[in-house]
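Trainee: One structure, as structure tokens, below. Some questions next.
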Amino acid sequence: MAKPPKPAKTPARKKRPNPAEQARIAEIFRRFEDQESDPRTELDYASPFTLVTAVALSAQATDISVNKATARLFKVADTPQKMLALGEAGLKPFISSIGLYNSKAKNVIAMSRILVEQHGGEVPLTREALQALPGVGRKTASVVLNELRIEPAIAVDTHVFRVAHRLGLATGKTPDQVEAQLMAIVPDELKTRAHHWLILHGRYVCVARRPKCEDCVVGDLCPSRKLFVGR
């Protein structure tokens, strides 16, 4: 007798916070807001095209390394047309210091060609159209849409994933699950800034190996603090 098919997996959901937990979450983000009221990406950009290019280049690379590369690159190729004229071979020397630069160069040129041929040289600012571009996945699209204040989104990278778990804001096992959980609990008026607060906190305070709990503005609200303090 054939076995019945396994039910499809559904995203891990976090239970709706009780009033005390809602107050804790609100206080966490209030303190982040007190520190930096209008956080923005640390990637340098001057237009939607340079933003999407910088974000695509930043995969598995630091913002510092990307900014060093794009400081030179964007002086000669800051539009899809100029990037196409530069070509894949011409692009590679500008980004060779960035990880996976061969595949990234291929994607940037392919993306530029599609923008010129299908979108009049403009970056389409909808999630579906962005994610259809070479080298642009869900996370990159989320960063672009959120940074430009078009669509509230919480892109989950390694920093956001780590901080969300340490602060008890999410329990998901995948970035998509954590994103869904964060979008469900972060107050609407803070969603466009939550990604930046979490990523900056993870980048400079709640670092991977030895979090700087003594410098943490939400340390007294963190259920993981006891795991690191006094070690």
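The values are calculated or read from the model by the stated rules, or taken from the named source; none is laboratory data. Everything numeric here is computed off the predicted structure, so don't read it as measured data. No Cβ is skipped: glycine too gets one built from the backbone with ideal geometry, and neighbour counts run over all protein chains shown. When the accessible area is computed, the model is the full protein with side chains, heavy atoms only, and any ligands, DNA or RNA have been set aside. Shrake-Rupley method; radii C 1.70, N 1.55, O 1.52, S 1.80 Å.
Trainee: Pull up the range 117-149, narrow it to residues that are free of Cβ contacts under 8 Å to residues at least 24 places away in the same chain, aliphatic (A, V, I, L, M) and not in a loop (DSSP other than H, G, I, E, B), then point me to the one that is nearest to residue 48 (Cα to Cα).
Mentor: Within the range 117-149, the match that is nearest to residue 48 (Cα to Cα) is 145.
Trainee: Oh, and also: If you check residue 179 against the conditions, is it part of a helix (DSSP H, G or I), charged (D, E, K, R) and open to solvent by 10 Å² or more (accessible area, probe 1.4 Å)?
Mentor: Against the criterion (part of a helix (DSSP H, G or I), charged (D, E, K, R) and open to solvent by 10 Å² or more (accessible area, probe 1.4 Å)), residue 179 qualifies.
Trainee: Report, by residue number, each residue of the range 66-102 that is β-branched (Val, Ile, Thr) and under 22 Å from residue 116 (Cβ atoms).
Mentor: Those that are β-branched (Val, Ile, Thr) and under 22 Å from residue 116 (Cβ atoms): 70, 76, 79, 95.
Trainee: Could I ask something else about it? If a residue must be touching a residue at least 12 places away in the same chain (Cβ under 8 Å) and among the charged types (D, E, K, R), how many such residues does the range 178-213 contain?
Mentor: Going through the range 178-213 one residue at a time, the tally reaches 6.
Trainee: Being aliphatic (A, V, I, L, M) and open to solvent by less than 60 Å² (accessible area, probe 1.4 Å): is that true of residue 51 here?
Mentor: yes
Trainee: With a cut-off of at least 3 residues that are at pLDDT below 95 and of a type outside the set (A, V, I, L, M, F, W, C), name the helices (runs of 4 or more DSSP H) lying wholly within the range 1-111.
Mentor: 19-35
Trainee: Here is a list: 106, 68, 75. Which entry is open to solvent by 10 Å² or more (accessible area, probe 1.4 Å) and touching a helix residue (DSSP H, G or I) at 6+ places or on another chain (Cβ under 9 Å)?
Mentor: 106
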